[in-house]
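The values are calculated or read from the model by the stated rules, or taken from the named source; none is laboratory data. Just so we're clear, the structure is a prediction, and the values are computed from it rather than from any experiment. Positions of Cβ are generated from backbone atoms using ideal geometry, with glycine treated the same way; all protein chains shown enter the neighbour counts. In case anyone asks, the SASA skips ligands and DNA or RNA and just uses the protein heavy atoms, side chains included. Shrake-Rupley method; radii C 1.70, N 1.55, O 1.52, S 1.80 Å.
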Amino acid sequence: MVEKKKTKNQSFLVPMWVFILTIFEKLSLFALVGFLLPKLRRKYWFVDSWVIGNLLLSIISVYLVYLQIVPHFLSYCLMIYGFIRVFEIFIYQLNVLLVHPFRNENPTSYTLVGYRRMTIALVHNFFEIIFWFATTYVVFQFSFDTSLENLNPFILIYFSFLTMVSYTSNLDNTTWTLLATIVLHFQALIGLFMTLLSLARFISLLPRPGTLDISEQEQDMKEHINRIEQKLDEMSRQMIK
C-alpha cells in the first residue's frame, strides 16, 4: 500500500520537461539530417563537420547580407535559419544538462567522446550564436531600424558579443524598434545561459588540487573508491551482455 501511494504522489515536473525537451530535440535540423542520413549521424567526423560548417556559415552570412551580395529574400532565409540554429543549440545544451545523462537507470554510465571535445564544441556554438545574431542585426539595418545605417559588420559583431556576455542597459534604448528589442533581449537571455554554461564547463575541467586536511583526504579517497566501484559495475554489466 505504501508503494502505491508513492507512485501516485510522484512529481510530474521532471518527466514533463524531459518529454518537452526530447520533442524539441527531435524537431531540430540535426535530427532531420540524422533521420535522412542515419549512418552519418553516428559518425563523429560528421557531427564535428556540422558544428564547424554552421559556424563558418554564420560568419559568411554577416558579410553576404551586409554587402547585399544575396537578394533580400535569401537574407531573410539566412536570418530564419540562424534563429533555428540558435534554438537548436539552446535545446541541445539543455538536453545535455537535464536529459541525456539520466536516460539510463544508472547516470554514471553516460559517457562522452571527450571532455575537451565537448568544451571546444561549446565554444564553437557560443561564437556561432554571436554571428547569427550579428546577421540578424545586419538585416535590421536595411529593414527595421534606420539608426543602424552607418554601422559596419565589425561594430555589429562587437555589439552582438557584448549582448551575449552582458545584460546591459543598451537593451532598453528607445531607438530600437519593438522587434529589435525583443531579439536583443532574447539574445541576452541565451547569452547568459551559454556564458554560465561555458564557465561551468571550463571550471569543471580544471585539475583539482591536493589538500593537507585529513578529513578532506578521506573524502577524496571515498569518492575515488566510489568511482572505481561504479566503473567495475559498468564493466561487469557489459561483460554479462
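Of the residues making up segment 27-51, those that are part of a helix (DSSP H, G or I) and under 16 Å from Tyr81 (Cβ atoms) are Leu29, Phe30, Ala31, Leu32, Val33, Trp50, Val51.
In the list Tyr81, Tyr66, which residue meets the criterion of being of a type outside the set (A, V, I, L, M), in contact (Cβ under 8 Å) with a residue 60 or more places away in the chain and over 21 Å from Ile120 (Cα atoms)? Criteria check complete, one pass: Tyr66. Per the listing Glu216, Glu229, Glu128, the residue uniquely open to solvent by 40 Å² or more (accessible area, probe 1.4 Å), among the acidic types (Asp, Glu) and either modelled with pLDDT of 75 or more or not in a helix (DSSP H, G or I) (or both) is Glu229. When restricted to residues that are of a type in the set (Val, Ile, Thr) and under 17 Å from the mean Cα position of the chain (by Cα), segment 22-78 contains 5. Answer yes or no as to whether Phe24 is at pLDDT 85 or above, touching a Leu at 6+ places or on another chain (Cβ under 6 Å), farther than 22 Å from Ala134 by Cβ and in a helix (DSSP H, G or I). The answer is no for Phe24. Pairing each residue of segment 34-60 that is closer than 23 Å to Leu74 by Cα with any residue that is hydroxyl-bearing (Ser, Thr, Tyr) and open to solvent by less than 60 Å² (accessible area, probe 1.4 Å), provided the two are 6+ apart or on different chains, yields C-beta distances under 8 Å for Ser58/Thr135. When residues in segment 131-158 are screened for being modelled with pLDDT of 80 or more and open to solvent by 40 Å² or more (accessible area, probe 1.4 Å), 3 of them pass.
Checked across segment 7-21, the condition of being polar (S, T, N, Q) and either open to solvent by less than 50 Å² (accessible area, probe 1.4 Å) or under 19 Å from His124 (Cα atoms) (or both) holds for no residue. For the condition among the aromatic types (Phe, Trp, Tyr), surrounded by 13 or more Cβ atoms within 10 Å (Cβ to Cβ) and without any contact (Cβ under 8 Å) to a residue 60 or more places away in the chain, Tyr92 does not qualify. Hey, does segment 167-179 have a residue that's open to solvent by less than 80 Å² (accessible area, probe 1.4 Å), part of a helix (DSSP H, G or I) and modelled with pLDDT of 75 or more? No, there is no match, as no residue in segment 167-179 is open to solvent by less than 80 Å² (accessible area, probe 1.4 Å), part of a helix (DSSP H, G or I) and modelled with pLDDT of 75 or more. Taking first residues from segment 119-137 that are within 19 Å of Asn152 (Cα to Cα) and partners that are modelled with pLDDT under 90 and among the polar types (S, T, N, Q), the Cβ contacts under 6 Å between residues at least 6 apart in sequence or on separate chains come to Ile130/Ser160; Phe133/Ser160; Phe133/Gln187; Ala134/Ser160.
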